[in-house]
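Comments concern the structure below.
The values are calculated or read from the model by the stated rules, or taken from the named source; none is laboratory data. Note that the coordinates shown come from a computational prediction; the quantities given were computed from them, not determined experimentally. As a convention, Cβ positions derive from the backbone with ideal geometry for all residues, glycine included, and neighbour counts pool all protein chains shown. For the accessible areas, the whole protein counts, side chains as well, though only heavy atoms, and no ligand, DNA or RNA atoms are used. Shrake-Rupley method; radii C 1.70, N 1.55, O 1.52, S 1.80 Å.
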Amino acid sequence: GGQVALLPEGRAELPALAGVLADGTVTGLVKLTPSHLEAIRAFEPAAIHQDAASALVIGGEALTASQVATWRLQAPNVRLINEYGPTEATVGMVVYEVSEATPHTGPVPIGRPIANTQVYVLDARLEPVPVGVTGELYIAGAGLARGYLNRPGLTADRFMACPYGAAGSRMYRTGDLVRWRSDGELEFLGRADHQVKIRGFRIELGEIEARLAEHPWVREAVVLAREDDGSDKRLVAYVTGKDGAAVDPAALRAHLKRSLPDYMTPSAFVVLDALPLTPNGKLDRKALPVPELRPEGLAYVAPRTPTEEALASIWAQVLKLERVGITDNFFELGGHSQ
């Protein structure tokens, strides 16, 4: 007895989605990405109300508690369901419904597998990891695809024999990093291919993003390892402010240093009004801007002596900057100890 509403693609999609939520056109279920959820909140606050829909199913990206906080407050009767699953496993196969027990900061769990689905969190030797330890997620069960059409090599790499199922059963290697929580729920930590190595240190970008999202000023955070204009690889954080809050990069740097080692602290912070999205509503990492080599807001104080001029010149050459002042911080300009 219901109906399906198809929204236009491109720039008209967000206004149309906000419109059908605001005017009560939708009485059933809306499926969208976390980026869409955040964009709706910023674009049309009137879309967040008790009768916006009976349920929002959110998937396609990692969901944070800050992204659902407004919905929980203003539309507590709208069910919020965090869904996880790759195309190779019929998309939605791990689910978590937001409840009063859901943390108010940090990532929202992706939950538990649906019926006829098995999930395993394994290490590099395909051994199960303990609760709280990061591992790669493997999926088995009735929803698994047969493989990739006409790509036997890729199929063999991703679809493999399952050592924990019935004889002849298979499992899919997702490339996603997760961990079991003590309450039996799965927590998504990021992509294995988003793990980077900088100056010999192996870094999980998702861990830095999660720490940034815990700051009361930050609504969204993305961290990339960039190499621009021949410069050394460095960490760059992109953040949006919560409810119009002014974001101070120095405060964010100090916040991260309280819980992360120095090598995991981004050398540049870029504050954006909104994160760029792809046509299907996911974060467009390629559209994130190149940061300024010299951080915004740092006043330039010229060298006063021959020694200061020599040191400033050396720093400028090493850091590939046009000029360096005597009050500049070597590490905040992107320097490191190696």
* Residue check for residue 53: of a type outside the set (Lys, Arg), in a loop (DSSP other than H, G, I, E, B), farther than 16 Å from residue 186 by Cβ and without any contact (Cβ under 8 Å) to a residue 40 or more places away in the chain -> yes
* Please work out if residue 37 is assigned to a loop (DSSP other than H, G, I, E, B) and aliphatic (A, V, I, L, M). => no
* Asked: Can you tell which of 287, 299, 250, 310 is at pLDDT 90 or above and open to solvent by 40 Å² or more (accessible area, probe 1.4 Å)?
  -> 287
* Can you name the strands (runs of 3 or more DSSP E) wholly within the stretch 181-222 that have at least 3 residues being more than 22 Å from residue 101 (Cα to Cα) and out of contact with any His (no Cβ under 7 Å at 6 or more places or on another chain)? -> 195-198, 201-204
* To do: List every residue pair whose Cβ atoms lie under 9 Å apart, where the two residues are 6 or more positions apart in sequence or sit on different chains, the first residue falls within the stretch 130-149 and is on the phi > 0 side of the Ramachandran plot, and the second residue, located anywhere, is of a type in the set (Val, Ile, Thr).
  => 141/114; 141/117; 141/119; 147/155
* the stretch 143-167, subset assigned to a loop (DSSP other than H, G, I, E, B) and under 15 Å from residue 86 (Cβ atoms), residue most open to solvent (accessible area, probe 1.4 Å) -> 146
* What tally of residues in the stretch 15-61 results from selecting those that are closer than 14 Å to residue 110 by Cα and out of contact with any Asp or Glu (no Cβ under 8 Å at 6 or more places or on another chain)? -> 2
* Assess whether residue 131 counts as being under 30 Å from residue 213 (Cα atoms), modelled with pLDDT of 95 or more and surrounded by fewer than 16 Cβ atoms within 10 Å (Cβ to Cβ). => yes
* Asked: Of all residues in the stretch 70-105, which are open to solvent by less than 10 Å² (accessible area, probe 1.4 Å), in contact with an Asp or Glu (Cβ under 9 Å, 6 or more places away or on another chain) and among the small types (Gly, Ala, Ser)?
  -> 75
